[in-house]
Amino acid sequence: MADALLRLESARTGYGPNDVLHGVSLTVREGEIVTLLGGNGAGKTTTLGVLSGIVGLRQGKVVWEGRDISGQATADRLRQGLVLCPEARRIFARLTVEENLIAGTWVRDPKLNKAKLEKTWERFPILGQRRKQLGGTLSGGEQQMLAIARALMGEPKLLMLDEPSLGLAPLIVEQIFRILVEINAAGTPVLLVEQNAHQALKIAHRAYVLATGEIVREGTGSELLASDEVRRAYLGED
Ligand SMILES: Nc1ncnc2c1ncn2[C@@H]1O[C@H](COP(=O)(O)OP(=O)(O)O)[C@@H](O)[C@H]1O
Ligand SMILES: [Mg+2]
């Protein structure tokens with residue numbers, strides 16, 4: 001088995017006097033799509049916050065490529081390829097598609113950016129067609145694609161996504177998840193946080209279930225898909 005690219009070890013944190021995460025551990029290895037599943041308020045976004053350095057730890061650590069990066073700022077983690085595509089898409093409504101993408105790069109080299117943009121138009125032809133359009137005029141699905149494309153401009157070694165399917169129609173969700181599979185197949189590991197479990201588990205190599213700040217289940221995507229308990233609690237089936 002490949003070495004861990006990212007390890008969260010016994011993460012404990014919260015916002016007020018009470019902890020929200022009660023010792024969360026998870027691992028992402030090279031080549032994997034890992035899904036972190038959990039209902040509203042389970043602590044998924046907080047976990048991504050801890051991994052990306054937005055939320056500090058009270059206990060535990062974040063290990064990236066074998067090094068403890070718990071004390072590192074978000075920008076330093078970004079430069080090392082730990083990239084988060086945040087919830088609610090957060091694109092710039094008043095910038096064009098192209099400007100949104102340029103804003104996603106650290107390198108201000110126009111030549112390099114041009115090459116990266118060409119790659120983006122190949123992967124997301126619809127964004128190429130809309131490159132001069134303002135972000136705010138895109139559909140929800142297109143905005144999500146733009147958010148993913150922008151994250152890719154940062155050349156992630158790990159792409160983390162916070163509920164990319166939220167509020168999108170099933171067909172669009174399928175398309176977004178297909179893109180994630182393609183990105184993974186091209187060599188980028190993915191940590192996918194989702195509430196919408198079915199498709200997320202279908203594409204996951206491994207998955208964790210988070211409930212009130214604790215990992216309550218883990219297994220392969222297909223193991224969790226087959227679990228009655230998971231089906232009832234997270235797939236809305238009975
Ligand atoms: N900035 C914050 N300040 C105070 N409490 C917060 C903050 N963000 C999240 N929480 C609380 O932490 C818990 C976990 O939230 P979150 O990580 O956003 O869960 P999820 O992403 O799984 O819905 C919730 O009870 C939420 O109300
Ligand atoms: Mg969340």
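Distant-in-sequence amide contacts of Ile215, defined by a placed amide H-H separation under 5 Å and a gap of 5 or more residues or a different chain, comprise Ser25. Summarising the amide proton neighbourhood of Ser70: residues at separation of 5 or more, or on other chains, whose placed amide H is nearer than 5 Å comprise Val62. Positive-end ranking of Val181, Asn113, Leu225 along the dipole of the chain, with charges on Cβ about the Cα centre, is headed by Asn113.
For Ile54 and Asp76, the difference between the fully extended length at 0.36 nm per residue and the C-alpha to C-alpha distance is 6.8 nm.
When Arg150, Arg178, Arg77 are arranged by Cβ crowding within 10 Å, least crowded first, meaning fewest neighbours, the order is Arg178, Arg77, Arg150. With the simple model of a label 7 Å out from the Cα in the direction of the Cβ, Asn40 to Lys114 spans 4.8 nm.
For the stretch 168-184, 3J(HN,Hα) computed residue by residue from phi via the Karplus equation (6.51, -1.76, 1.60; θ = phi - 60°) reads 9, 5, x, 5, 5, 4, 4, 5, 4, 5, 5, 5, 5, 5, 5, 4, 5 Hz, glycine and proline entered as x. Which whole-number percent gives the relative contact order of the chain, counting Cα pairs below 8 Å spaced six or more residues apart? Relative contact order of the chain: 27 percent. Counting only DSSP H runs of at least 4 residues, each contributing -39500 (n - 2.57), and dividing by the residue count of the chain, the helix-based mean residue ellipticity at 222 nm comes to -10500 deg cm²/dmol. In this structure, the residue pairs whose Cα-Cα separation is over 28 Å, taken from Lys114/Lys157; Lys44/Lys157; Lys111/Lys157; Lys111/Lys132; Lys61/Lys111; Lys44/Lys111, are Lys61/Lys111; Lys44/Lys111.
Summarised as an ellipsoid, the chain has semi-axes of 28, 21, 16 Å, derived from the eigenvalues of the Cα gyration tensor scaled by 5 and square-rooted, with the largest first.
Among Asp228, Asp19, Asp76, the ranking by other beta carbons within 10 Å of each residue's beta carbon, starting with the fewest, stands as Asp228, Asp76, Asp19.
Could you tell me how far the Cα centroid of the stretch 215-230 sits from the Cα centroid of the stretch 116-181, in Å? So the separation of the two Cα centres works out to 28 Å. Simple rule: put +1 on each Lys or Arg Cβ and -1 on each Asp or Glu Cβ in the stretch 1-117, find the dipole, and look at Gly81, Thr27, Phe92; the Cα lying farthest toward the positive end is Phe92. With 0.36 nm allotted per residue and the present C-alpha distance subtracted, the Asp3-Arg178 stretch has 60.4 nm of extension available. Each residue of the stretch 86-99 is assigned a 3J(HN,Hα), and the resulting list reads x, 5, 6, 6, 6, 8, 8, 5, 9, 9, 6, 3, 5, 5 Hz, derived from the Karplus form 6.51 cos²θ - 1.76 cosθ + 1.60 (θ = phi - 60°), x at Gly and Pro. How many nm is it between the label spots at Val216 and Arg90, if each spot is 7 Å from the Cα in line with the beta carbon? Result for the modelled spin labels: 2.8 nm.
Read the figures in this text as sums done on the coordinates, not as results from a lab. This is a predicted model, so every value here is computed, not measured. No Cβ is skipped: glycine too gets one built from the backbone with ideal geometry, and neighbour counts run over all protein chains shown.
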